[in-house]
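Participant: I have a structure I would like to understand better, so I am pasting it below and will then ask my questions one at a time.
The values are calculated or read from the model by the stated rules, or taken from the named source; none is laboratory data. Note that this is a predicted model, so its numbers are computed, not measured. Using ideal geometry, Cβ is built from the backbone for each residue, glycine included, and neighbour counts are taken over all protein chains shown. With ligands, DNA and RNA removed, areas are computed over all heavy atoms of the protein, side chains included. Shrake-Rupley method; radii C 1.70, N 1.55, O 1.52, S 1.80 Å.
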There are 2 protein chains.
Amino acid sequence: MSHADIRSPQPLDLSGDVADLTRALMDIESVSGGEGPLADAVWEALSGLDGLELARNGDTILARTSLGRAERVMLAGHLDTVPLPTTPGARGTVPAAVEDGVIYGRGATDMKGGVAVQLAVAGMIGRGELNPNRDVTFVFYDHEEVSADLSGFGRLVESHGELLGADFGILLEPTNGVVEGGCNGTIRLEARTTGTAAHSARAWMGENAIHRGARVLTRLAEHEPQTVRVEGLDYRESLNAVRIAGGTAGNVIPDSMTIEINYRFAPSKSPAEAEEYVRGVLGDAIGEGCELVVTDAAAGARPGLTHPAAASFVEAVGGEPLPKYGWTDVARLSALGIPAVNFGPGDALLAHTDDEHVAEDAVRRCLEAMTAWLS
Amino acid sequence: MSHADIRSPQPLDLSGDVADLTRALMDIESVSGGEGPLADAVWEALSGLDGLELARNGDTILARTSLGRAERVMLAGHLDTVPLPTTPGARGTVPAAVEDGVIYGRGATDMKGGVAVQLAVAGMIGRGELNPNRDVTFVFYDHEEVSADLSGFGRLVESHGELLGADFGILLEPTNGVVEGGCNGTIRLEARTTGTAAHSARAWMGENAIHRGARVLTRLAEHEPQTVRVEGLDYRESLNAVRIAGGTAGNVIPDSMTIEINYRFAPSKSPAEAEEYVRGVLGDAIGEGCELVVTDAAAGARPGLTHPAAASFVEAVGGEPLPKYGWTDVARLSALGIPAVNFGPGDALLAHTDDEHVAEDAVRRCLEAMTAWLS
C-alpha cells in the first residue's frame with residue numbers, strides 16, 4: 001500500500017450494498033490506537049449528509065438527528081479491531097476478501113459489519129430515503145478492544161455527555177442477528193494466602209501458603225453456578241479460578257500464593273453484591289492467612305426489554321431474545337440510564353480468530369431489520 | 001587483593017591451631033566453579049606430607065593412608081561455598097574476620113571448619129603425630145552447592161571408584177558437633193492437570209484445570225506427615241506442594257495447572273516406595289485430567305549406627321545421635337555401600353546466610369573428638 005493510499009483511502013460509499021460497505025471498512029486497517037484513517041473516512045462520509053449534527057473527540061464520532069421525535073435511539077459501534085493475525089495464510093486479516101458470499105478479514109464480525117449498518121442507516125436518513133419514526137444518535141468510537149480506561153465511548157461521555165441522552169440503545173456487536181439483552185457483569189478478585197517460608201527438609205518450621213489455599217479451590221470447584229432470570233432472560237453465571245501462582249523454589253515451603261478469581265454475574269446484581277456472593281461461596285476459606293481482595297469490577301446491564309422501544313425493536317427484528325453473557329459496552333449505556341441491547345451481524349465466537357468472517361447476507365438482513373423498525 | 005595474592009595464596013599451615021586453619025581456608029574464595037585456588041592450596045599442603053597416596057580429578061582431591069589397618073574410614077567434605085552475600089555490611093563474606101572467639105565469613109559453617117578438621121587430621125598423620133587405629137581416606141570435592149550432576153564426588157566415583165572403598169564414612173557437614181545419622185531422601189513430583197480453555201464469560205464451554213487440582217491440594221493439606229524410626233533414629237518426613245502455576249489470562253478458563261510436590265522421606269524407603277506413598281496419599285485425586293509425574297528423586301541414607309565403627313565413633317564423640325533431615329552427600333556414600341554419618345562444627349541453620357559464622361572452640365572440639373576416636 002502506498003503512502004498516498006494510507007492518507008486518502010477511497011471515500012466510503014454509503015448508498016451502495018451494505019456488504020460492499022463492510023468490505024470497504026475492513027480494507028482500512030484500524031487496530032486499536034490506529035483508528036485515525038478509518039475515523040477520518042467515517043467523518044468525511046457523514047459530513048456529506050444533510051440533517052446530522054456532528055461532534056468528534058479524537059477518533060470517536062457522534063452524529064445525531066434532530067427531528068423532534070418523541071423517542072430517541074442510539075446506534076453504537078466501535079471502529080477498532082484486535083491486531084491482525086500472525087499466522088501465515090490466516091484470512092482474518094487486511095485487506096478483506098469475498099468468497100461465496102462470505103467476507104473474510106479482520107473486523108468482519110467484530111464489528112465492521114455492524115458499523116456498516118450504522119453508516120448505511122445514517123446515509124439513508126441523510127439522503128432522505130428513510131424518514132425515521134425516532135430520532136437517532138450514532139456513535140462510532142475507538143479503543144474498545146483494549147484497557148477500559150482508554151475507551152473512546154468513555155471519553156465521549158466526559159466531553160459530550162449532554163448529546164448522549166437516549167430512550168433506548170442498540171450496540172451493533174455480533175449476535176448472529178438475534179437480540180441479546182443487556183450483559184453479565186464481571187468482577188475480578190484475588191485470594192491471597194500467606195505462610196512462613198522454611199527449607200522443605202524442615203517443613204514443620206514453616207507454614208505452607210499453597211496448602212492454605214486448598215479450601216478456596218475446593219469451594220470454587222464444588223460451586224454450582226447459578227442461572228438468574230432478569231426481565232425474562234436467563235443469565236447464566238460463572239465463577240472460576242482463572243490463574244494461580246505460588247512458591248519460590250523446589251526446596252522452600254511457599255510463603256505466598258495468589259488465586260485470581262473471575263465471577264461473571266447476572267445484571268440484577270451490583271458489583272458489591274457480586275463480591276458479597278463470592279465471599280459467601282468461599283465462606284471460612286477466607287480468614288486468617290487468606291484474604292480476598294477485589295482488583296476490578298464492572299456492573300452488567302439489565303436487558304431493558306420491558307421498555308416500549310425495546311419491545312417494538314424485538315417485535316420488528318423477530319426471534320426470541322437471548323441474554324448476553326460477555327461484558328459489552330451496553331453496560332456503559334446502562335450506566336447512563338439507557339436500556340440497551342446487542343444486535344449485529346456475525347458470530348461472536350469468530351471474533352478475534354484467525355478465520356474471522358461474516359456472511360454478506362447477514363449484514364444485509366441486519367440493515368433490513370433496522371430500517372424496518374425505524375420506518 | 002593484588003593479582004599475585006590471587007595466584008599464590010599463603011601456603012596452608014596444617015600444624016597450627018585448627019581455628020586459624022579454618023580462617024585461612026575461608027580467606028581463599030571458593031564459590032562453586034571457582035574452587036581452583038583452594039584446591040591448589042589443599043593439594044600443595046597434602047603433597048608435603050608423608051604416607052599419603054594422592055589423586056586428583058579437577059578440583060576434587062583424594063588422599064589415603066595405607067597402613068594395613070583392619071578398618072578404613074572416609075572423612076569427606078566439600079571445598080565450595082554458595083555465592084558471597086550481596087547485602088552491604090554482611091559478615092558472611094571473604095575475607096573472614098574473628099570477633100570474640102567467633103569466625104565470621106562465607107563457608108564458616110558450610111563447611112570450611114569441617115575441611116580444616118580433615119586437613120588437620122591429615123597433617124597429624126603425615127607428620128607422625130597421630131598413629132591412627134584405622135586407615136583413613138580423605139576426600140575434598142568441588143561443586144556440592146550446585147546441581148547434583150556437577151558434583152566432584154560423583155566424578156570421583158567414576159574416575160577413582162577403586163580408591164573409595166571404606167567401612168564407615170563421616171561427612172563433616174555442620175551438625176553442631178553432634179552425630180547426625182544418615183539423611184532423608186527427597187523426591188520431586190508434578191501433579192499436572194488439564195482442562196479445556198474457554199472464554200470465562202462462557203465458562204460452561206470449558207473445563208477448569210485449576211479447579212481439577214483442588215483435591216490434590218486438599219489431600220496434601222490434610223496429610224499428617226509421618227515420623228519413621230530407622231535404626232533407632234526418628235526421621236521426620238514432610239510432604240508439600242512447593243510451587244503452583246496455572247492459567248493464561250484473566251478472562252480465560254485455564255486448560256492446565258502444575259503443582260510441584262516435594263516429599264522428604266525416611267531412609268528406610270526407596271525412591272520407588274516414596275513415589276508409591278505419594279500416590280497413596282493423593283489417591284483418586286490423580287486420574288483422568290490429572291497425572292502425577294516424578295521429575296527427580298534421590299535416595300536417603302540409613303544411619304548405619306549399628307556398624308561397630310559407627311558405634312565406637314558415637315561413643316568417642318559422646319551425646320545422643322540425631323537424624324539428619326536434609327539430603328546430604330552421605331547418601332552418595334550410602335549408595336557406595338558405606339554407612340555414613342554427618343558430624344561437623346557449626347550450626348546448619350547458619351549455612352548460606354549473610355551472617356554465617358562458627359565458634360573457634362567448636363572447630364577445635366570437633367578435631368579433638370576425631371583424633372580421640374582415631375587414637
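Participant: Can you tell me how many residues in region A:201-230 are of a type in the set (Val, Ile, Thr) and open to solvent by 70 Å² or more (accessible area, probe 1.4 Å)?
Facilitator: Within region A:201-230, residues that are of a type in the set (Val, Ile, Thr) and open to solvent by 70 Å² or more (accessible area, probe 1.4 Å) number 1.
Participant: Right, another one. Which of the residues belonging to region B:204-230 are among the acidic types (Asp, Glu) and at the interface with chain A (Cβ under 9 Å from one of its Cβ atoms)?
Facilitator: Selection gives B:GLU222 alone.
Participant: Which condition number in (1) open to solvent by less than 10 Å² (accessible area, probe 1.4 Å); (2) within 16 Å of the chain's Cα centre (by Cα); (3) under 18 Å from A:ALA55 (Cβ atoms) is the one that A:LEU164 fails?
Facilitator: Going through the list (1) open to solvent by less than 10 Å² (accessible area, probe 1.4 Å); (2) within 16 Å of the chain's Cα centre (by Cα); (3) under 18 Å from A:ALA55 (Cβ atoms), A:LEU164 breaks only (2).
Participant: With the structure loaded, tell me whether A:VAL252 is open to solvent by 30 Å² or more (accessible area, probe 1.4 Å) and either among the aliphatic types (A, V, I, L, M) or assigned by TED's automatic domain parsing to the domain that holds A:ALA331 (or both) or whether it fails that test.
Facilitator: For A:VAL252, the condition - open to solvent by 30 Å² or more (accessible area, probe 1.4 Å) and either among the aliphatic types (A, V, I, L, M) or assigned by TED's automatic domain parsing to the domain that holds A:ALA331 (or both) - is met.
Participant: Are there any pairs, at least 6 apart or on different chains, whose C-beta atoms fall under 6 Å, with the first in region A:47-66 and within 14 Å of A:VAL121 (Cα to Cα) and the second open to solvent by 30 Å² or more (accessible area, probe 1.4 Å) and of a type in the set (Asp, Glu), and if so, which?
Facilitator: The qualifying pairs are A:ARG64/A:GLU53.
Participant: Tell me, which residue of region B:231-246 that is facing another protein chain (nearest Cβ under 8 Å) and open to solvent by 60 Å² or more (accessible area, probe 1.4 Å) is nearest to B:LYS269 (Cα to Cα)?
Facilitator: That would be B:ARG236.
Participant: Separate question: Scan region B:185-199 and tell me whether some residue there is touching a residue at least 24 places away in the same chain (Cβ under 8 Å), part of a helix (DSSP H, G or I), in contact with a strand residue (DSSP E or B) (Cβ under 9 Å, 6 or more places away or on another chain) and not assigned by TED's automatic domain parsing to the domain that holds B:VAL330. Walk me through it before giving the result.
Facilitator: From region B:185-199, those touching a residue at least 24 places away in the same chain (Cβ under 8 Å) are B:185-199; that's our starting set.
Now drop any that are not part of a helix (DSSP H, G or I), which leaves none.
Looking for residues that are touching a residue at least 24 places away in the same chain (Cβ under 8 Å), part of a helix (DSSP H, G or I), in contact with a strand residue (DSSP E or B) (Cβ under 9 Å, 6 or more places away or on another chain) and not assigned by TED's automatic domain parsing to the domain that holds B:VAL330, one finds none in region B:185-199, hence no.
Participant: Can you name the number of the only condition in (1) in contact with a Leu (Cβ under 7 Å, 6 or more places away or on another chain); (2) within 14 Å of chain B (Cβ to nearest Cβ) that A:ARG264 fails?
Facilitator: (1)
Participant: Right, next: Of all residues in region B:255-274, how many are surrounded by fewer than 19 Cβ atoms within 10 Å (Cβ to Cβ) and either within 16 Å of A:ALA214 (Cα to Cα) or touching a residue at least 24 places away in the same chain (Cβ under 8 Å) (or both)? Spell out the reasoning first.
Facilitator: As a first pass, look at region B:255-274 and keep what is surrounded by fewer than 19 Cβ atoms within 10 Å (Cβ to Cβ): B:256, B:258, B:268, B:270-273.
Within this subset, residues satisfying the condition of being either within 16 Å of A:ALA214 (Cα to Cα) or touching a residue at least 24 places away in the same chain (Cβ under 8 Å) (or both) are B:256, B:258, B:268, B:270-271.
So the count comes out to 5.
Participant: Take region A:277-292 and flag every residue that is of a type in the set (Val, Ile, Thr) and part of a helix (DSSP H, G or I).
Facilitator: A:VAL278, A:VAL281
Participant: Could you run through region A:326-342 and say how many residues are buried (at least 23 other Cβ atoms within 10 Å of the Cβ) and either outside any helix (DSSP H, G or I) or of a type in the set (Lys, Arg) (or both)?
Facilitator: 8
Participant: Please work out which one of (1) closer than 27 Å to B:ALA241 by Cα; (2) more than 8 Å from chain B (Cβ to nearest Cβ) is the condition A:ALA249 fails and give its number.
Facilitator: All conditions are met except number (2).
Participant: To continue, here is another question. Inside region A:173-200, can you point out the residues that are more than 30 Å from A:GLY77 (Cα to Cα) and either surrounded by fewer than 22 Cβ atoms within 10 Å (Cβ to Cβ) or away from chain B (no Cβ under 11 Å) (or both)?
Facilitator: A:GLU190, A:ALA191, A:ARG192, A:THR194, A:GLY195, A:THR196, A:ALA197, A:ALA198, A:HIS199
Participant: Let me ask something else about it. Take the residues in region B:75-111 that are under 27 Å from B:SER151 (Cβ atoms) and free of Cβ contacts under 8 Å to residues at least 40 places away in the same chain, then tell me which one is surrounded by the most Cβ atoms within 10 Å (Cβ to Cβ).
Facilitator: Once the filter is applied, the top-ranked residue is B:THR93.
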